[in-house]
1. Do the conditions hold for GLY281, that is, is it crowded, with 16+ Cβ neighbours inside 10 Å and either modelled with pLDDT of 95 or more or within 30 Å of LEU38 (Cβ to Cβ) (or both)?
2. Name the single residue that is surrounded by the fewest Cβ atoms within 10 Å (Cβ to Cβ) among those in the stretch 233-252 being at pLDDT below 95 and among the small types (Gly, Ala, Ser).
3. Taking interchain pairs and intrachain pairs at least six residues apart, which have beta carbon atoms under 7 angstrom, with the first residue in the stretch 72-89 and of a type in the set (Val, Ile, Thr) and the second open to solvent by 10 Å² or more (accessible area, probe 1.4 Å)?
4. Just to be sure, is LEU129 of a type in the set (A, V, I, L, M, F, W, C), buried (at least 23 other Cβ atoms within 10 Å of the Cβ) and within 20 Å of the chain's Cα centre (by Cα)?
5. For GLY311, state whether it is on the phi > 0 side of the Ramachandran plot, more than 19 Å from the chain's Cα centre (by Cα) and either open to solvent by less than 10 Å² (accessible area, probe 1.4 Å) or modelled with pLDDT under 95 (or both).
6. If you take the residues of the stretch 91-121 that are open to solvent by less than 50 Å² (accessible area, probe 1.4 Å) and of a type in the set (Val, Ile, Thr), which of them is farthest from the chain's Cα centre (by Cα)?
7. Out of LEU12, LEU25, LEU38, I need the residue that is at pLDDT below 95 and of a type outside the set (S, T, N, Q). Which one?
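The values are calculated or read from the model by the stated rules, or taken from the named source; none is laboratory data. Computed from a predicted model, the values in this text were never measured in an experiment. Cβ placement follows ideal geometry from the backbone for every residue including glycine, while neighbour counts extend to all protein chains displayed. Protein only, heavy atoms only, side chains kept; ligands, DNA and RNA dropped before computing areas. Shrake-Rupley method; radii C 1.70, N 1.55, O 1.52, S 1.80 Å.
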Amino acid sequence: MTASAVGLAGRLGRYGLGTAPLGGLFAPVSEDEAEQVLAAAWQAGIRYFDTAPHYGSGLAEERLGRFLRALPRDAAAEAVVSTKVGRLLVPGQGEEEGFPGRTGFVRVRDYSREGVLRSLDDSLTRTGLDHFDLVFIHDPDDHWEQAAGQAFPALAELRDQGVIGAIGAGMNQAEMLTRFVRETDLDAVLVAGRYTLLDRSAAEQLLPECERRGVAVIAGGVFNSGILAGGVTYDYDAAPPEVLERVRELGRGCAAHGVPLPAAALRFPHRHPAVANVLIGARSAEEIREDLALAAADIPDALWEDLDHAG
């Protein structure tokens, strides 16, 4: 475990705020609503905030930066902020890519050294911050050679210089994250949707490898895009019938123990010792309060035993 990883894991807290909804994921969020979400998270004790250029073509970064800069200096120093590299924003009429309402930029995949440096410089400008505690290589699914051969060395140099605090990789799959952990010197991984009540695939190789090497695991997408929180979306698309049926089964299992399904979904990732933090996404202050209340619910061991037995 690197010194960066040790220091990072101790600062994240159990829950963090993912800012994709504040960038308008699926539907726009107003400035006032975004500020209320951030304020509610801060008041509830959340200090870790994850963002990315991809989220609303920089909108989430801008909103997070404005909120943090408005805090008293001593308070703002408590914040832990991560952003991502891999998508450069170029002015032009781009695709929504899940973020309607801000299409004045084209997202260009770039995991080169130059692309990483430019992306970080742009993110610092958008947020108004002078430092990121953690930088993730974002969704390099089809770009392994450039991501591992150029993006990671560039970030490692910045980490050694103290320009950034730690390095991670963030993806919606476990296989390539496992390869990153084995072949590079990562401090953290952000695995979205692959260690949940519905999908435990990250437990096969990724989580054991992270535990062995001391890499902090941040679990995102724990509701699998909403299906485990009463929605109908699974992995950013309409849930297929077999997933809907599986969710109904999970709901019945939780109800038998008097536990809301979303509460179990929020707590589940923390059952693995490699998981340091679970990200929560919210579109309103009320959602933040509801999620943290659910996360504090009493969950009997018998529920986990039943769910494990059911596979």
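1. Working: crowded, with 16+ Cβ neighbours inside 10 Å: yes; either modelled with pLDDT of 95 or more or within 30 Å of LEU38 (Cβ to Cβ) (or both): yes.
When the stated conditions are applied, GLY281 passes them.
2. Among residues in the stretch 233-252 that are at pLDDT below 95 and among the small types (Gly, Ala, Ser), the one surrounded by the fewest Cβ atoms within 10 Å (Cβ to Cβ) is ALA238.
3. That search, which allows pairs on different chains as well, returns VAL80/ARG11; VAL80/ARG47; VAL80/ASP133; VAL81/LEU129; VAL81/ASP133; VAL85/LEU120; VAL85/HIS138.
4. Numbers: of a type in the set (A, V, I, L, M, F, W, C): yes; buried (at least 23 other Cβ atoms within 10 Å of the Cβ): no; within 20 Å of the chain's Cα centre (by Cα): yes.
Here the answer is no, as LEU129 does not meet what is asked.
5. Details: on the phi > 0 side of the Ramachandran plot: yes; more than 19 Å from the chain's Cα centre (by Cα): yes; either open to solvent by less than 10 Å² (accessible area, probe 1.4 Å) or modelled with pLDDT under 95 (or both): yes.
So GLY311 passes the test.
6. Going residue by residue through the stretch 91-121, those that are open to solvent by less than 50 Å² (accessible area, probe 1.4 Å) are 92, 94, 98-100, 103-104, 107, 110-112, 115-116, 119-120.
Filter once more, so that each one left must be of a type in the set (Val, Ile, Thr): 103, 116.
Details: THR103: 23, VAL116: 19 Å.
Per the stated criteria, the residue is THR103.
7. On the way: LEU12 fails: at pLDDT below 95; LEU38 fails: at pLDDT below 95.
Going through LEU12, LEU25, LEU38 in turn, just one is at pLDDT below 95 and of a type outside the set (S, T, N, Q): LEU25.
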